[in-house]
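What follows is a short report on a single structure.
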Amino acid sequence: MLSRHADAAFWIGRYIERAEATARMIDVHYHFGLESPALGEALRWSSILAISGQEKLYRKLYSTEDERNILHFFGFDERNTSSIFSAIRLARENGRSIRDQISSEMWKCLNQMYLEFLEWDVDRVLTGSPFTFFEKVKESSQLFQGVANRTLMMGETRDFHDAGRFLERADQTARILDVKYHDLLPSFAPGGPLIPTEAGSVGGPVDVHGWIAVLKSVGAYEAFRKTYHEGVTPARVAQFLLLNPKFPASVRHSVGRVEGCVRRVSGNRDLAPINDAEREIGRLYNELNYMRAEDIISGGLHEFLEDVQERCNTIGEAIYKCYLSY
C-alpha cells in the first residue's frame with residue numbers, strides 16, 4: 001500500500017472521530033450547565049480552551065470569550081484545523097484522494113456530510129438549539145463509522161483507518177475527561193468560584209452531575225450504570241473511561257485496538273515490538289493493563305490525562321515515521 005494512501009486512510013479516521021469528539025466536548029458544557037444550575041456563571045469557556053490546546057490560536061483570533069465566539073471557533077472557523085467543519089472538510093479531501101481504496105458508500109457518506117454542513121453556521125446554531133447541531137454531528141460521524149465497518153474490506157486500508165480512529169478516540173476521551181476535571185477542580189480549590197458548601201463538595205450534587213455529564217459526553221452513561229450499581233464517583237468514572245477493556249471509547253480499549261491494527265500491518269506476531277510505533281503503543285497499552293484508578297487519582301488525574309495526550313501524539317508521530325511519511 002502506498003504511504004500517501006495509508007496517510008489519507010489514517011487521517012479520515014482521525015478527522016471524523018475528531019469532529020464527533022469536538023461536538024461532544026462542547027455539548028458536555030451545556031449538559032453540565034443544565035444539570036447544575038447552581039453552578040451557572042462559575043462555568044467558564046476557558047476550561048475548554050485550555051484543555052483543547054487551541055487557546056493560543058483563539059486568543060489571536062478573538063478578543064472575548066463568549067458563547068458565539070466559542071461555537072464559531074470550534075464549530076465553523078476554518079482557521080482552526082480542529083474545528084468540526086475543518087475536520088469534515090479535510091476528511092472529505094482525504095477520501096477523494098483515495099476513492100479507489102474506500103467503498104463508494106463511504107465516499108457518498110463523506111460527501112453528503114460535507115454538503116449538509118455547508119448549510120450550517122453559528123447563527124443558525126444559536127437561533128435554534130445547539131443540541132440539534134451537536135446531535136447531527138454525532139449522528140453523521142456514527143453513520144460514517146457504521147458504513148465503514150459494513151463496507152470496507154479487511155486489509156491495510158481498514159487497519160490504517162481504524163488506527164487513526166482509535167488513536168484519536170483515546171486522545172479525545174482523555175481530553176474530554178480533563179475538561180470536566182478542570183471545571184470541577186476550581187469548585188473545591190481555595191479562591192475558586194463561590195458555591196454552597198454542601199452542593200459544591202466532593203460527592204455533592206454539583207460533583208455528581210459533573211461526572212454524569214462526562215459519562216454522557218462520550219456515550220458511556222448507560223454502560224457505566226450497568227457496570228457500577230453503587231453510584232457515580234470520580235474513581236469509578238476514571239476506572240471506566242480510562243481502564244475498562246470492554247467499553248469502545250475507553251482509553252485502554254482504544255489503545256489496544258491501535259496496537260492490533262499496527263501489528264497486523266507489520267505482520268508481527270511476536271511479543272517484542274519490531275519498530276518504534278509498536279514500541280510506543282505497546283508501552284502505553286501494557287501500563288494501562290496494570291493500572292488502577294486509585295493509583296491514577298492519587299498520582300494526579302490531570303497529570304495522568306496530560307501524559308496520555310502527549311503519548312498519543314508520540315504514537316501518532318511514530319506511526320507517521322514508520323508508515324506514512326513520503
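What follows is calculated from the coordinates using simple rules that are stated; it is not laboratory data. Since the model is a prediction, treat every value here as computed from it, not as a measurement. Cβ placement follows ideal geometry from the backbone for every residue including glycine, while neighbour counts extend to all protein chains displayed.
Maximal additional length on extending the LYS108-TYR221 stretch stands at 37.5 nm, based on 0.36 nm per residue less the C-alpha distance. Take the Cα of GLU306, step 7 Å along the line toward its Cβ, and report every residue of the range 50-86 whose backbone nitrogen sits under 16 Å from that point. Residues 50-56 fall inside that zone. Shown is the FRET efficiency for LEU271 and THR233, computed with R0 = 51 Å from the Cβ-Cβ distance and rounded to the nearest 0.05: 0.90.
For the pair ARG124 and LYS246, label points projected 7 Å from Cα toward Cβ lie 4.1 nm apart. Computed over the range 3-324, the P(r) tail beyond 24 angstrom holds 55 percent of alpha carbon pairs. Please check which bits of the range 231-275 a label hung off ASN286 would reach, taking the label as a point 7 Å along Cα-to-C-beta and the cut-off as backbone N under 12 Å. From the range 231-275, the list is 271-274. Computed from point charges on the beta carbon alone (+1 for Lys and Arg, -1 for Asp and Glu), the dipole magnitude for the chain about its Cα centre is near 860 Debye.
Within the chain, the selection of entire DSSP H helices by a Cα span of 30 Å or greater along the long axis and an average Kyte-Doolittle value of at least -0.5 returns 3-35, 130-151. Over the chain, with a Gaussian network built from C-alpha contacts below 10 Å, which listed residue (PHE117, PHE73, PHE166) shows the highest mean-square fluctuation? Sorting by GNM fluctuation, first place goes to PHE117.
Among the listed pairs LYS226/LYS246; LYS138/LYS226; LYS108/LYS136; LYS136/LYS216, which have their C-alpha atoms separated by more than 19 angstrom in this model? In this structure, LYS138/LYS226 lie more than 19 Å apart at Cα. Between LEU152, LEU90, LEU271, the residue with the greatest mean-square fluctuation in the GNM of the chain (Cα pairs under 10 Å linked by springs) is LEU271. Label zone of MET154 (point 7 Å out along Cα→Cβ, amide N under 20 Å): in the range 263-292 this covers 263-270.
Which residue, chosen from VAL265, GLY53, TRP211, occupies the Cα position most advanced towards the positive end of the dipole of the range 3-324, where the dipole is computed from +1 (Lys, Arg) and -1 (Asp, Glu) charges on Cβ about the Cα centre? Comparing the listed Cα positions along the dipole, VAL265 ranks first. In the chain, helical runs assigned H by DSSP with n ≥ 4 each contribute -39500 (n - 2.57); averaged across all residues and rounded to the nearest 500, the mean residue ellipticity at 222 nm is -22500 deg cm²/dmol. Note on LEU2 and LEU143: their simple-model spin labels are 3.0 nm apart, each label 7 Å out from Cα toward Cβ.
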